[in-house]
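Heads up, the thing below is written out as structure tokens.
Any read-out appearing in this document is the output of simple, stated calculations on the displayed coordinates, not a laboratory observation. No experiment lies behind these values; they were computed from the predicted model shown. No Cβ is skipped: glycine too gets one built from the backbone with ideal geometry, and neighbour counts run over all protein chains shown.
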Amino acid sequence: MINLIEPIAETMQFNTTMVGIVMEDTRPEDGLTSVAQSNPLNYLVGHLLSTRYDAAKIVGLSVSDPWQALYGGNTPYDRARQYPAISELAPRWRELNEKFFARLDELSAEDVMAEVTSYPFPDKTVRGALSFISWHESYHVGQMGTLRRALGYRSNQQAFYDFVKAQAA
């Protein structure tokens with residue numbers, strides 16, 4: 001991976017891990033629960049999946065987001081709609097991220113500096129778009145942590161420490 005995007009990729013990898021933790025230990029009924037008019041966890045996971053599909057396209061992967069109409073862009077959560085369960089989103093999240101991170105490793109400096117104008121970020125390059133997306137993901141990972149605490153789950157910080165310990169064992 002080239003240094004031009006390494007910190008961005010590391011942030012996105014951290015977010016990938018955190019979303020994975022949410023997907024693994026959220027009870028199905030809690031995935032649909034909203035607290036203080038928040039978006040429920042299953043919506044947040046789907047929205048981040050849709051955002052990651054966008055990131056994959058930006059780096060040149062030919063992928064199609066099957067849930068773009070539900071989660072894409074600024075599509076708001078609608079209580080009247082049916083959304084896929086986290087268990088349905090999880091395999092797509094894992095599959096897409098394998099391809100996405102493999103593609104990041106292949107990018108050249110020229111690829112990273114190619115123009116992208118579709119994101120509200122001053123750096124109108126692939127690097128800038130990925131930077132914006134990593135910030136956007138981090139924002140929603142924080143929302144997930146707050147929502148999970150309100151639902152009685154361990155904090156994101158503790159969940160991550162437990163994950164790191166399990167990986168080291």
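Taken one residue at a time, the phi angles of the range 84-99 give Karplus couplings (6.51, -1.76, 1.60, θ = phi - 60°) of x, 6, 4, 4, 7, 7, 4, x, 5, 4, 5, 4, 4, 5, 4, 5 Hz. Gly and Pro are set to x.
For the range 43-128, rounded, prolate or oblate, judged on the Cα gyration tensor with a ≥ b ≥ c (square roots of eigenvalues), a/c < 1.5 rounded, else prolate if a/b > b/c?
Values: a/c = 3.23, a/b = 1.60, b/c = 2.02.
Judged from the Cα gyration tensor, the range 43-128 comes out oblate (a/c at least 1.5, b/c at or above a/b).
Annotation: the residues His47, His140, sorted from fewest to most other C-beta atoms within 10 Å of their own C-beta, follow the order His140, His47. Model label sites at Ala166 and Phe14, defined 7 Å from Cα along the beta-carbon direction, differ in position by 2.0 nm. For the chain, the longest principal axis of the alpha carbon atoms and the long axis of helix 126-150 meet at an angle near 10°. Under a Gaussian network description of the chain, with springs only between Cα atoms under 10 Å, the residue in Ser155, Ser134, Ser50 that fluctuates furthest is Ser155.
Which net charge results for the neighbourhood of Tyr71, defined as the other residues with beta-carbon distances under 14 angstrom from its beta-carbon, given Lys and Arg at +1 and Asp and Glu at -1? Mind showing how you got there, number by number?
Details: positive: Arg52, Arg81, Arg92; negative: Asp54, Asp65, Asp78, Glu88, Glu137.
Once positives and negatives cancel, what remains is -2.
Among the trypsin sites (Lys or Arg not before Pro) in the range 89-169, those located in a DSSP loop and surrounded by at most 15 other Cβ atoms within 10 Å of their own Cβ are Lys124, Arg154.
With N residues in the chain, what two-decimal value do you get for its Cα radius of gyration over 2.2 N^0.38 Å?
Working: Rg = 16.0 Å, N = 169, 2.2 N^0.38 = 15.5 Å.
Cα Rg divided by the expected 2.2 N^0.38 Å: 1.03.
Sum up the charges of everything whose Cβ sits under 13 Å from the Cβ of Leu104, counting Lys and Arg as +1 and Asp and Glu as -1, but leave Leu104 out.
Charge balance in the 13 Å sphere: -2.
Spacing of the modelled spin labels on Lys57 and Gln37, each 7 Å from Cα toward Cβ, amounts to 3.1 nm. For the chain, the longest principal axis of the C-alpha atoms and the axis of helix 6-25 are separated by about 20°.
Could you compute how fast the range 73-169 diffuses translationally, taking Rh as the Kirkwood radius over C-alpha pairs and applying Stokes-Einstein at 10 °C with viscosity 1.306 mPa s? Give it in µm² per second. Translational D for this selection: 96 µm²/s. Straight-line cross-link partners of Lys57 among the lysines, defined as a Cα under 20 Å from its Cα and at least 8 positions apart when in the same chain: Lys99, Lys124.
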